[in-house]
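Structure first, commentary second.
The values are calculated or read from the model by the stated rules, or taken from the named source; none is laboratory data. Small disclaimer: the values here were computed from a predicted structure and weren't measured. When we count neighbours, we look across all protein chains shown, and the Cβ atoms used for this are built from the backbone with ideal geometry, even at glycine. For accessibility, only protein heavy atoms count, side chains too; no ligands or nucleic acids. Shrake-Rupley method; radii C 1.70, N 1.55, O 1.52, S 1.80 Å.
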Amino acid sequence: MTGPTLTRRAALAGTAGLAALAAPRVRAQTAARIVIVGGGFGGASAARFARDAFPDVEVTLVERARSFTTCPYGNLVLGGTRRIEQITFTYDALARRGVRVVHDDAVAVDPQARGVRLAGGTTVPYDRLIMSPGIDLRWGAIEGYTEAAAERMPHGWVPSLQPITVLERQLREMPDGGTFVMAIPDNPFRCPPGPYERISMVAQYFKRAKPRSKILALDSKGGFSKQPLFMEAWAELYPGMIEWVSASNDGKVMKVDPQALTLTTEFGQVHRAAVANVIPPQMAAKIARDAGLANQSGWCPVRARSFESAQVPGIHVIGDASIAAPMPKSGYVASTHARQAVAAAVAALRGQEPPDPVYFNTCYSHVGPDYGISIVGTYRADGDRFVEVPNSGGISPRNETMTPERRAEQRRLEALYADGWYESLTRQMFGLS
Ligand SMILES: Cc1cc2nc3c(=O)[nH]c(=O)nc-3n(C[C@H](O)[C@H](O)[C@H](O)COP(=O)(O)OP(=O)(O)OC[C@H]3O[C@@H](n4cnc5c(N)ncnc54)[C@H](O)[C@@H]3O)c2cc1C
């Protein structure tokens, strides 16, 4: 989207902004201000895109941490094929590209005065606000699963709360022959295939280093993303090692005891773990809930063309915090939300309608060394609903559709494409290329 120089005067003109666009260029005192809260997949992507696409706009990114460790490829740290330093990024390159990066905690939003208050005491004024603060965990939703319990039974699901290395260390220290028990939440949650990639990467590690160990996956659902592909890969690569238990087979974990390292399911079975990985139910991060952006579900309803909050005008909510089903809560999806939200925010500042959106998701999972699988989807807005474009998606082929040679090549290539996907997305969002 291109257009005349966007000044605060035009931006603040609201619907009169259209007239301002038609008028000759007049330099106002300051540029229009887009402020982004959260520098993860959605927020960093939004900052990069806004900076590149709209040079007239002042772009400020508020992120509490000085570096960002990605969830994608975190499971590979458990599998032993990545180190945490390889999946950690700083904001320096974004700053060099002209994004004003503010490292502080956003503690409140004032939608009337249009400002974000920071823990440090200052307020960052905005003309349009984009929020991508990610998720919080619902402590106590599983009885006994508190922040303190998470030290003994790591979640490894929100790197800013707990680095994946906590779980990695427990796995390394676990004696061979023990059982790794996972509790997996019901939908909606961050990264639908993530738990199953994690099972695969732990199995990859066990196969190499602790071959007598077992994995017990206790699931609050009846099925999961890419299930047939994961299951045939587990049977092929890790026979006898993984047991997955659906909700109807008593897989839903209701209670944990971090001292005894036990997990109790709905119908009263008690499972003892050598290492327990509890992924609890989730909700939009606190700042989004405090700003009145979330509904009773704990997630934030948005307009499908603009990602503008359905509850608070002038604020766009993107990424995991938003309600954007049938799109999954994924990093790649968050980055496509980001582009549309920025374009819609700038359009609104110009008094224009948001452009027609197309949203994409590609989600790769590593299942073993040289073994990748993927799922792809394309989405549009239909009124105020998100809809999947019919026949636009795809999923990796099943084993039975290929010869053994073709299959090995297909899986090897997908693992390679996954690496390319990760590299290009992270380099883009952190301004490295
Ligand atoms: C194990 C695992 C594997 C995954 N693998 C994949 C994958 O292969 N592909 C994929 O596409 N997705 C994957 N995901 C999902 C992906 O990580 C998330 O969907 C994505 O991070 C969501 O982006 P976001 O911007 O909403 O939140 P985040 O990326 O979590 O960013 C939120 C940011 O906001 C900051 N923040 C929060 N509150 C405040 C505040 N008040 N003030 C200042 N800063 C704040 C946080 O510090 C954080 O940096 C995976 C997730 C997991 C757990």
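Filtered by the rule that a residue be at positive phi, in contact with a strand residue (DSSP E or B) (Cβ under 9 Å, 6 or more places away or on another chain) and not basic (K, R), region 104-162 gives G134, G144, G156. Consider region 308-327 and keep the residues that are under 13 Å from the mean Cα position of the chain (by Cα) and surrounded by fewer than 24 Cβ atoms within 10 Å (Cβ to Cβ). The one that is nearest to the ligand (Cβ to nearest atom) is M327. For region 171-194, a residue qualifies if it is among the polar types (S, T, N, Q) and more than 13 Å from G223 (Cα to Cα), and exactly one does: T179. You will find that of A345, A274, A334, the residue that is at pLDDT 95 or above and not assigned by TED's automatic domain parsing to the domain that holds G393 is A274 and no other.
Report yes if some residue within region 282-302 is within 15 Å of the ligand (Cβ to nearest atom) and within 30 Å of M174 (Cα to Cα); otherwise report no. Yes, because at least one residue in region 282-302 is within 15 Å of the ligand (Cβ to nearest atom) and within 30 Å of M174 (Cα to Cα). Quick check on region 337-352: of everything there that is closer than 13 Å to G314 by Cα, touching a residue at least 60 places away in the same chain (Cβ under 8 Å) and in contact with a strand residue (DSSP E or B) (Cβ under 8 Å, 6 or more places away or on another chain), which residue is surrounded by the fewest Cβ atoms within 10 Å (Cβ to Cβ)? By that ranking, first place goes to A348.
Across region 222-250, the number of residues qualifying as touching a Phe, Trp or Tyr at 6+ places or on another chain (Cβ under 9 Å), among the aliphatic types (A, V, I, L, M) and surrounded by fewer than 17 Cβ atoms within 10 Å (Cβ to Cβ) comes to 1.
Considering only strands (runs of 3 or more DSSP E) fully contained in region 355-433, which possess at least 2 residues that are at pLDDT below 95, within 16 Å of the ligand (Cβ to nearest atom) and over 17 Å from the mean Cα position of the chain (by Cα)? Walk me through it before giving the result.
Working: elements: 359-368, 371-382, 385-388.
Qualifying strands (runs of 3 or more DSSP E): none found.
Of all the numbered requirements in (1) without any contact (Cβ under 8 Å) to a residue 60 or more places away in the chain; (2) of a type outside the set (D, E); (3) open to solvent by 20 Å² or more (accessible area, probe 1.4 Å), P355 misses one, and that requirement is (1).
Take the conditions (1) surrounded by fewer than 21 Cβ atoms within 10 Å (Cβ to Cβ); (2) farther than 23 Å from I395 by Cα; Y371 misses just one of them, which is (2). Of the residues making up region 152-171, just one is closer than 18 Å to V77 by Cβ, away from the ligand (no atom under 14 Å from the Cβ) and open to solvent by 80 Å² or more (accessible area, probe 1.4 Å), namely R169. Can A334 be described as within 16 Å of the ligand (Cβ to nearest atom), outside any strand (DSSP E or B), open to solvent by less than 10 Å² (accessible area, probe 1.4 Å) and among the aliphatic types (A, V, I, L, M)? The answer is yes for A334.
Put simply, of A203, A291 the only residue that is surrounded by 22 or more Cβ atoms within 10 Å (Cβ to Cβ), outside the structural domain of A183 (by TED's automatic domain parsing) and either without any contact (Cβ under 8 Å) to a residue 24 or more places away in the chain or not aromatic (F, W, Y) (or both) is A291.
Would you say I242 is within 16 Å of the ligand (Cβ to nearest atom), in contact with a helix residue (DSSP H, G or I) (Cβ under 9 Å, 6 or more places away or on another chain) and of a type in the set (A, V, I, L, M)?
The answer is no for I242.
Cβ-Cβ distances below 7 Å connect the following pairs, each with a first residue in region 31-42 that is on the phi > 0 side of the Ramachandran plot and of a type outside the set (S, T, N, Q), a second residue that is more than 6 Å from the ligand (Cβ to nearest atom) and not in a helix (DSSP H, G or I), and a separation of six or more residues or different chains: G38/M131.
When each of E197, E147 is tested for being crowded, with 23+ Cβ neighbours inside 10 Å, charged (D, E, K, R) and under 24 Å from the mean Cα position of the chain (by Cα), the lone residue that passes is E197.
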